[in-house]
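Undergrad: There's a structure below that I have some questions on.
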Amino acid sequence: MNSIKARYLLDLNALIFLADPDGLHYRAMLKWFDSSGKEDWGVCPLTEAGFVRVTTNPAYRGPTRTFAQATAILAEFATHPGYRYWSITDRWAVLTAPFSARVLGHQQVTDAYLLGLAIKEEGVLVTFDKGIKYLAGTDYSRNLLVLDGS
């Protein structure tokens, strides 16, 4: 990836932080996005559905949105010049096969799927979740960017 321009896949938390100016890691997300990510970034069906699910939940700590508001935010993101939609056509087992021995529990299922998609598409998964480093290991560390929330 050194000489090739990176293509970035945002995980759910990165997407939520990008959309919420009052969010915990909004500034860190925006700083990265403005400096590196805005040229070629995107989401996939899992992150889109997760965004709608989380931000419309009345228990969500950020601004609770209606379904129409949440989908309007996603539609607005899709108009960004650097936006890319990442389709998922492979099964979970196929995308996670390269590192399946490192999937240790149910909370890593979605993370593993997203990392597997980034690997398959020769992209980079953007997250704040340091735990995904273990899934990536040294073989796939180039396919992962863990942002620092401080």
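Undergrad: From D139, D129, grab the single residue that is part of a loop (DSSP other than H, G, I, E, B), more than 12 Å from the chain's Cα centre (by Cα) and in contact (Cβ under 8 Å) with a residue 12 or more places away in the chain. Don't jump to the end; show me each part of the working.
TA: Details: D129 fails: more than 12 Å from the chain's Cα centre (by Cα).
Of D139, D129, the one residue that is part of a loop (DSSP other than H, G, I, E, B), more than 12 Å from the chain's Cα centre (by Cα) and in contact (Cβ under 8 Å) with a residue 12 or more places away in the chain is D139.
Undergrad: Condition first: in a helix (DSSP H, G or I), surrounded by fewer than 19 Cβ atoms within 10 Å (Cβ to Cβ), in contact (Cβ under 8 Å) with a residue 12 or more places away in the chain and not hydroxyl-bearing (S, T, Y). Can you find one or more residues in region 2-18 that meet it?
TA: no
Undergrad: Go through V52, V43 for me and flag whichever is buried (at least 21 other Cβ atoms within 10 Å of the Cβ), out of contact with any Phe, Trp or Tyr (no Cβ under 6 Å at 6 or more places or on another chain) and among the aliphatic types (A, V, I, L, M).
TA: V43
Undergrad: Further, regarding this structure: If we scan region 117-124, do we find a residue that is loosely packed, with under 12 Cβ neighbours inside 10 Å and among the acidic types (D, E)? If you could, list the steps in order and put the result at the bottom.
TA: Within region 117-124, the first condition is being loosely packed, with under 12 Cβ neighbours inside 10 Å, and the residues that meet it are none.
Among the residues of region 117-124, not one is loosely packed, with under 12 Cβ neighbours inside 10 Å and among the acidic types (D, E), which makes the answer no.
Undergrad: Can you name the residue in region 58-79 that is exposed (fewer than 12 other Cβ atoms within 10 Å of the Cβ) and assigned to a loop (DSSP other than H, G, I, E, B) and, of all such residues, is nearest to the chain's Cα centre (by Cα)? I'd like the intermediate steps shown before the answer.
TA: Start the filter on region 58-79 by keeping residues that are exposed (fewer than 12 other Cβ atoms within 10 Å of the Cβ), which leaves 58-59, 61, 66-68, 75-76, 79.
Of the ones still in play, those that are also assigned to a loop (DSSP other than H, G, I, E, B) are 58-59, 61, 66, 79.
Values: P58: 22, A59: 22, R61: 19, T66: 22, T79: 18 Å.
By that ranking, first place goes to T79.
Undergrad: Do the conditions hold for Y113, that is, is it within 19 Å of F51 (Cα to Cα), at pLDDT 95 or above and surrounded by fewer than 16 Cβ atoms within 10 Å (Cβ to Cβ)?
TA: no
Undergrad: From (1) in contact with a helix residue (DSSP H, G or I) (Cβ under 6 Å, 6 or more places away or on another chain); (2) farther than 20 Å from W32 by Cβ; (3) at pLDDT 95 or above, pick out the condition that doesn't hold for V124.
TA: Result: V124 passes all but (2).
Undergrad: Do the conditions hold for R27, that is, is it loosely packed, with under 14 Cβ neighbours inside 10 Å and among the charged types (D, E, K, R)?
TA: Considered against the rule, which asks whether it is loosely packed, with under 14 Cβ neighbours inside 10 Å and among the charged types (D, E, K, R), R27 comes out as yes.
Undergrad: Take the conditions under 20 Å from L144 (Cβ atoms) and more than 15 Å from the chain's Cα centre (by Cα) and apply them to A101. Does it pass?
TA: Working: under 20 Å from L144 (Cβ atoms): yes; more than 15 Å from the chain's Cα centre (by Cα): yes.
Answer is yes for this residue.
The values are calculated or read from the model by the stated rules, or taken from the named source; none is laboratory data. These numbers come from a predicted model, not from an experiment. Note: ideal-geometry Cβ built from the backbone for every residue, glycine included; neighbour counts use all protein chains shown.
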